[in-house]
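Asker: Sharing a structure here in structure tokens format.
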Amino acid sequence: MNVLGIETSCDETGVAVYHTERGLLGHLLHSQVELHAEYGGVVPEIASRDHLKRLLPLIRRVLADAGLERPDAIAHTAGPGLVGALMVGGGMAAGLGMAWDIPVVPVHHMEGHLLAPLLEDEPPEYPFLALLVSGGHSMLIDVQGLGEYELLGTTLDDAVGEAFDKTAKLLGLGYPGGPALAALAEEGDETAFDFPRPMLGKPGYDFSFSGLKTAVMLEVRRAEADGDIDARRADLAASFQRAAVDSLVKRALKAASDRGLDRIVVAGGVGANRLLRADIARRFDGRVYYPRLQFCTDNGAMIAVAGALRLAEAGPVDAIRATARWSLEDLSAPAGQ
Ligand code: KG4
Ligand code: ZN
């Protein structure tokens, strides 16, 4: 069965075709980053309009590249995300589903991120601990099976990707700042500043990143006042990245150990961070799984694979959804599990 995946929750238009036995047949992505750069963040209205412009041509191309006239099912991101952007993908999926008389499956965006490592040659088996880290979320989840998700910890303030982006902005690195900050950090000394690791030492698995961001801001102001910000920028980036990664890794290792889980999946945009990937692999006794770099950030392939699994287990769903806020824990396991 060929499943067309559609992702339009934020600022990337992603489409893919996933075959339930042969795997991924193709995927395409159009990033809106340049459109939003001048505003320093995603402008929802602009995002919706651009999805509308890009989506159909991308769908045509990904199907043609895979040698298909039509898929056998469509999976689309139904939330969480920007509601106007989600409605573009959901409306398109519903219309095509009706025209082609094929099932349409709404997919939870974070379930897509969580299942993205299943696109790789050696996918993780259940159960595993998922560290889901993106621009909108920082979560630790005990995953016992499809839809069996127990949220162990989340962020009390900023998501870690958001902290990367805001810190990058403070350092004058533009938008989106995560990858730019990570690149600059490679040239810096991560021990130059001793930034706080909020929440470490406290019980539970929650994260907090706003105190770290504020600590960086104070140092940036000081360096600016001293006139040596240019010389300190890379050290600030490296020390921030070290503190943020430490918080994530320590919390994840503790959760895995407490829960007796010997597999960790790292996914979401910040999962592309090289220091995070290297650190967790080095410090964890069990096995770590990641999606390939391009499937860490938003993409259609993760939606196609999640939709294919949902469809196989639970069948089609007779509803069009576009939900801005939607907890991963509200997803149920398919009937019979
Ligand atoms: O998953 P994603 O594409 O979108 C959301 O669902 O939020 O994640 C985007 C986030 C942004 O905050 C971006 O700055 C961050 O992931 N990011 C990174 C890196 N690549 C992307 N953060 C740190 N290091 C990276 N290499
Ligand atoms: Zn995402």
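The values are calculated or read from the model by the stated rules, or taken from the named source; none is laboratory data. Bear in mind that the values here come from a model prediction, so they are computed numbers and not experimental data. We place every Cβ from the backbone using ideal geometry, glycine too, and count neighbours over all the protein chains shown. When the accessible area is computed, the model is the full protein with side chains, heavy atoms only, and any ligands, DNA or RNA have been set aside. Shrake-Rupley method; radii C 1.70, N 1.55, O 1.52, S 1.80 Å.
Asker: In square nanometres, what is the average projected area of the Cα convex hull of the range 41-119?
Answerer: Orientation-averaged projected area of the Cα hull: 5.9 nm².
Asker: Counting pairs of alpha carbon atoms under 8 Å apart in space and at least six apart in sequence, what relative contact order in percent does the range 1-90 give?
Answerer: With pairs under 8 Å counted, the relative contact order is 39 percent.
Asker: While we're looking at this one, here's another question. Please compute the length gained on full extension between Thr323 and Lys53, using 0.36 nm multiplied by the number of residues separating them and subtracting their Cα-Cα distance.
Answerer: Gain on stretching Thr323 to Lys53: 95.1 nm.
Asker: Mind running the shape call on the range 102-148? Use the C-alpha gyration tensor, a ≥ b ≥ c as the square roots of the eigenvalues: rounded below 1.5 for a/c, prolate if a/b tops b/c, oblate otherwise.
Answerer: oblate
Asker: Over the Cα atoms of the chain, each weighted equally, I'd like the Debye log10 I(q)/I(0) at q = 0.06, 0.12 Å⁻¹, rounded to two decimals.
Answerer: With one equal scatterer per Cα and no solvent, log10 I(q)/I(0) is -0.21, -0.82.
Asker: What order, most packed first, do the peptides 71-80, 302-311 have when packing is the mean number of other Cβ atoms within 10 Å of each residue?
Answerer: My ranking of the peptides, most packed first, is 302-311, 71-80.
Asker: For the chain, what does the relative contact order come out to in percent, with C-alpha contacts under 8 Å and a separation of six or more?
Answerer: 25 percent
Asker: Given 0.36 nm per residue, what is the gain on full extension from Arg283 to Met217 after removing their alpha carbon distance, in nm?
Answerer: Net length gain for the segment: 20.8 nm.
Asker: Send over the per residue convex hull volume for the range 149-245, Cα only, as a whole number of Å³.
Answerer: So the per-residue hull volume is 95 Å³.
Asker: In addition: Near the amide H of Gly26, under 5 Å away, which other amide H atoms are found, from residues 5 or more places off or on another chain, if H is placed in the peptide plane?
Answerer: Val17
Asker: Tell me, what is the percent relative contact order of the range 178-249, built from C-alpha pairs under 8 Å that lie six or more residues apart?
Answerer: 54 percent
Asker: Follow-up question, since we're still on this one. Using only Cα atoms, find the angle between the long axis of helix 210-226 and the longest principal axis of the chain, and express it within 0 to 90 degrees, rounded to the nearest 10.
Answerer: That helix lies at roughly 50 degrees to the long axis.
Asker: Still on this structure, I have one more. Run down the lysines and flag those whose C-alpha is under 30 Å from the C-alpha of Lys250, throwing out any fewer than 8 positions away in its chain.
Answerer: Filter leaves Lys166, Lys169, Lys202, Lys213.
Asker: What angle, in degrees between 0 and 90 and rounded to the nearest 10, separates the Cα long axis of helix 229-259 from the longest principal axis of the Cα atoms of the chain?
Answerer: 60 degrees
Asker: Determine the sum of side-chain charges near Ser327: Lys and Arg each +1, Asp and Glu each -1, restricted to other residues whose C-beta is under 13 angstrom from that of Ser327.
Answerer: For residues surrounding Ser327, the net value is -3.
Asker: Let me ask something else about it. Measuring from centroid to centroid over Cα atoms, what is the spacing of the range 199-224 and the range 1-50 in Å?
Answerer: A separation of 32 Å, based on Cα centres.
Asker: In whole percent, how big is the carbon plus sulfur part of the accessible area of the chain, probe 1.4 Å, protein atoms only?
Answerer: 49 percent
Asker: Please give the length that would be gained between Asp189 and Leu35 if that part of the chain were fully extended, namely 0.36 nm times their separation in residues minus their C-alpha to C-alpha distance (nm, one decimal).
Answerer: Between Asp189 and Leu35, full extension yields an extra 52.1 nm.
Asker: Ratio of the range 155-200's C-alpha Rg to 2.2 N^0.38 Å, to two decimals?
Answerer: 1.20
Asker: Would you mind counting up the charge near Tyr175? Only other residues with Cβ under 15 Å from its Cβ, with Lys and Arg at +1 and Asp and Glu at -1.
Answerer: Every neighbour counted, the sum reads -4.
Asker: Please work out the ratio of the alpha-carbon Rg of the range 11-56 to 2.2 N^0.38 Å and round it to two decimals.
Answerer: Ratio of Rg to 2.2 N^0.38 Å for the range 11-56: 1.43.
Asker: Which value in nm describes the separation of the simple spin-label points at Met98 and Asp330, placed 7 Å from the Cα toward the beta carbon?
Answerer: Roughly 2.5 nm, to one decimal.
Asker: Below 9 angstrom from the Cβ of Asp298, what's the summed charge of the other residues (Lys, Arg +1; Asp, Glu -1)?
Answerer: Net charge in that neighbourhood comes out at -3.
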